[in-house]
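Everything below concerns the one structure shown next.
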2 protein chains.
Amino acid sequence: MNLNTYLKQRQTLVNRALERYLPPPYFAPGRLHEAMRYSVLGEGKRIRPVLALAACEAAGGKASDALHAACALELIHAYSLVHDDLPAMDDDDFRRGKLSCHKKFGEALGILTGDALLTYAFDLLTRANHGASVHLRVIREVAEAIGTEGMVGGQVADITIPRAKLDARAMEFINTRKTGALISGSVRVGALLGRATPTVYSALRRYGDRVGLVFQLVDDLLDKDGAVRLHGKEKVWQRAERLTQEAVAAVRPLGVRAEPLRELARFILTRSS
Amino acid sequence: MNLNTYLKQRQTLVNRALERYLPPPYFAPGRLHEAMRYSVLGEGKRIRPVLALAACEAAGGKASDALHAACALELIHAYSLVHDDLPAMDDDDFRRGKLSCHKKFGEALGILTGDALLTYAFDLLTRANHGASVHLRVIREVAEAIGTEGMVGGQVADITIPRAKLDARAMEFINTRKTGALISGSVRVGALLGRATPTVYSALRRYGDRVGLVFQLVDDLLDKDGAVRLHGKEKVWQRAERLTQEAVAAVRPLGVRAEPLRELARFILTRSS
């Protein structure tokens, strides 16, 4: 027998089988997974997940108790950015120093990547080792924080309310929802996963509500937009400072375990980007 | 005192208060809620929710046990249609005999309405009166059915795989995911909420997998697209018939309670739209 012929024949057989068994190069979720990773990994301050972990620890839990949920919150943040950047929305070509998702992968994949990130976030929220009833409450908190009474409602308000009608009340409506709802929701989720007692939960919720609003006010100060155009820089800054003091005071009874939350509140007030 | 003056003064006071206390006309979620209702209510065969209710009853549960989840499945279906119709995707101006969501409300609101429907579906899935662990499993089933390994993955495959590379394997990949995953997921969700025993669950899952695939094959037959272009009408029709027989056979052991499921399987095979 001719070994060379045999080898060649078998190599062809094996190569064809490999081609058949390996996921094909056009395996679509591969491309989708790439776009999801592109939109989440790399730069990003991870403020929402860090707040969830810190709130969990402040309530007496371990950071690892809230890790799945913390990641889900970052996926949700990323989904909102990917959809916000779309041409029909803010039409941004860049995000975090690189091409925005739809510029890199095309507009259709931009829409679907956001959809997939949101869906996968809820998938993640069902995982890890807590009691089912805690998970369920966490999922409901998140769904409400980002639903029509929360983040999406705020985004719709932001794009549909005419500039001329942006009075103090409309502004407050947008501010507490568009950004604030997910920030304060992150704190509540951490508190739930840290099995906070009712008193501690209530303190953390007060903290989260204030920090969420401060986050949006500081965004406005940095962009010279929103509340700043309406009330002026000085007044907005004073309010943000007062809210931060209230947030810090709210978690004072929690002692040394809440120290990271107090530092985070000050960071959110004084951040420059 | 002059009653007329008094009345006028008080009327003005009251009218101003009403204006302040009533949700303003530009109250954004109002517009969002309108777009959500527009995209869900009216026409629509409600096949996914009906399958969930029928599977719940076939497993021995009451239809009302699966009603929240059934509605959530229809919201998810509506979300996928709203995003599919967007200009960057299929660019459809009409849906169910009226303007598509983005044509009626604008493209930005089209994106956000889909997002809100998806989010609200998960919110709904946390509600009703089942044990938390059943809810949690249902949420995970739904998230997987519509995630990157399910519906969204199938949609991405559908738009990214070049027509020339649409071989039998790629076609099967798309068919089992794009439409089939949510259909079969609906049956599994109903089975879980009807507290199916492992044997019954497994029978219902076999039923759902087949009906999900038949649904997509019939779509292809009606559109003369996909599997039909590849295999020809005759072969696709034969396969759809065989799968339907298998689906009917899978739930035969469940007796009279599964009669609606058997009728639904035949309806899905023979529907003309």
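The values are calculated or read from the model by the stated rules, or taken from the named source; none is laboratory data. Please read these numbers as outputs of a predicted model, since none were measured by experiment. When we count neighbours, we look across all protein chains shown, and the Cβ atoms used for this are built from the backbone with ideal geometry, even at glycine.
For region A:86-111, what are the residues that are small (Gly, Ala, Ser) and either in contact with a His (Cβ under 8 Å, 6 or more places away or on another chain) or over 14 Å from A:Ala35 (Cα atoms) (or both)?
A:Ala88, A:Gly97, A:Gly110 - these are the residues of region A:86-111 that are small (Gly, Ala, Ser) and either in contact with a His (Cβ under 8 Å, 6 or more places away or on another chain) or over 14 Å from A:Ala35 (Cα atoms) (or both).
What is the one condition in (1) within 23 Å of A:Pro260 (Cβ to Cβ); (2) among the aliphatic types (A, V, I, L, M); (3) out of contact with any helix residue (DSSP H, G or I) (no Cβ under 8 Å at 6 or more places or on another chain) that A:Leu222 does not satisfy?
For A:Leu222, the failing item is (1).
Given B:Leu166, B:Leu213, B:Leu193, which one is touching a Cys at 6+ places or on another chain (Cβ under 9 Å) and either over 28 Å from A:Leu109 (Cα atoms) or in contact (Cβ under 8 Å) with a residue 24 or more places away in the chain (or both)?
Values: B:Leu166 fails: touching a Cys at 6+ places or on another chain (Cβ under 9 Å); B:Leu213 fails: touching a Cys at 6+ places or on another chain (Cβ under 9 Å).
So the residue among B:Leu166, B:Leu213, B:Leu193 that is touching a Cys at 6+ places or on another chain (Cβ under 9 Å) and either over 28 Å from A:Leu109 (Cα atoms) or in contact (Cβ under 8 Å) with a residue 24 or more places away in the chain (or both) is B:Leu193.
Any chance you could count how many residues in region A:191-208 are over 12 Å from A:Val251 (Cβ atoms) and buried (at least 17 other Cβ atoms within 10 Å of the Cβ)?
So the count comes out to 3.
Rundown of residues vs (1) facing chain A (nearest Cβ under 9 Å); (2) at pLDDT 95 or above; (3) closer than 15 Å to B:Ile146 by Cα; (4) out of contact with any strand residue (DSSP E or B) (no Cβ under 9 Å at 6 or more places or on another chain), yes/no style:
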| site | (1), (2), (3), (4) |
| --- | --- |
| B:Ala59 | no, yes, no, yes |
| B:Ala72 | no, no, yes, yes |
| B:His83 | yes, yes, yes, yes |
| B:Lys98 | no, no, no, yes |
| B:Gly106 | yes, yes, no, yes |
| B:Gly110 | yes, yes, no, yes |
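Being closer than 30 Å to A:Tyr201 by Cβ and part of a loop (DSSP other than H, G, I, E, B) is the filter here, so list the residues in region A:59-107 that pass it.
Scanning region A:59-107 gives A:Ala59, A:Gly60, A:Gly61, A:Lys62.
Quick check, is B:Asp167 at pLDDT below 90 and of a type in the set (D, E, K, R)?
Numbers: at pLDDT below 90: yes; of a type in the set (D, E, K, R): yes.
It is true that B:Asp167 is at pLDDT below 90 and of a type in the set (D, E, K, R).
Taking A:Leu182 as meeting all but one of (1) within 14 Å of chain B (Cβ to nearest Cβ); (2) within 24 Å of B:Arg31 (Cα to Cα); (3) free of Cβ contacts under 8 Å to residues at least 60 places away in the same chain; (4) not charged (D, E, K, R), write down the number of the exception.
Tallying (1) within 14 Å of chain B (Cβ to nearest Cβ); (2) within 24 Å of B:Arg31 (Cα to Cα); (3) free of Cβ contacts under 8 Å to residues at least 60 places away in the same chain; (4) not charged (D, E, K, R), A:Leu182 fails exactly one: (3).
For region A:208-246, how many residues meet the condition of being in contact with a Leu (Cβ under 9 Å, 6 or more places away or on another chain) and farther than 20 Å from A:Gly154 by Cβ?
Matching residues across region A:208-246 total 4.
Scanning for something over 27 Å from A:Leu53 (Cβ atoms), out of contact with any strand residue (DSSP E or B) (no Cβ under 7 Å at 6 or more places or on another chain) and in a helix (DSSP H, G or I), does region A:198-220 turn up at least one residue?
Looking for residues that are over 27 Å from A:Leu53 (Cβ atoms), out of contact with any strand residue (DSSP E or B) (no Cβ under 7 Å at 6 or more places or on another chain) and in a helix (DSSP H, G or I), one finds none in region A:198-220, hence no.
Tell me, yes or no, whether region A:10-22 has at least one residue that is at pLDDT 90 or above, not aromatic (Phe, Trp, Tyr) and not in a loop (DSSP other than H, G, I, E, B).
The answer is no; no qualifying residue exists.
Quick one: count up the residues across region A:121-135 that are buried (at least 21 other Cβ atoms within 10 Å of the Cβ) and either in contact with a Leu (Cβ under 6 Å, 6 or more places away or on another chain) or part of a loop (DSSP other than H, G, I, E, B) (or both).
Here the count works out to 3.
Only one of (1) of a type outside the set (D, E, K, R); (2) without any contact (Cβ under 8 Å) to a residue 12 or more places away in the chain; (3) in a helix (DSSP H, G or I); (4) in contact with a Leu (Cβ under 8 Å, 6 or more places away or on another chain) fails for A:Gln155. Which number is that?
Just one mismatch for A:Gln155, condition (2).
Can you say whether B:Gln245 is part of a helix (DSSP H, G or I), of a type in the set (S, T, N, Q), farther than 16 Å from B:Ser273 by Cα and out of contact with any strand residue (DSSP E or B) (no Cβ under 9 Å at 6 or more places or on another chain), as far as the supplied structure shows? Show your work before the answer.
Values: part of a helix (DSSP H, G or I): yes; of a type in the set (S, T, N, Q): yes; farther than 16 Å from B:Ser273 by Cα: yes; out of contact with any strand residue (DSSP E or B) (no Cβ under 9 Å at 6 or more places or on another chain): yes.
Yes; evaluated as a whole, the condition is true for this residue.
Residue by residue, here is whether (1) more than 7 Å from chain B (Cβ to nearest Cβ); (2) under 15 Å from the mean Cα position of the chain (by Cα) holds:
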position	(1), (2)
A:Asp115	no, yes
A:Tyr120	no, yes
A:Arg127	yes, no
A:Gly131	yes, no
A:Arg140	no, no
A:Glu149	no, no
A:Gly153	no, no
A:Lys165	no, no
A:Met171	yes, no
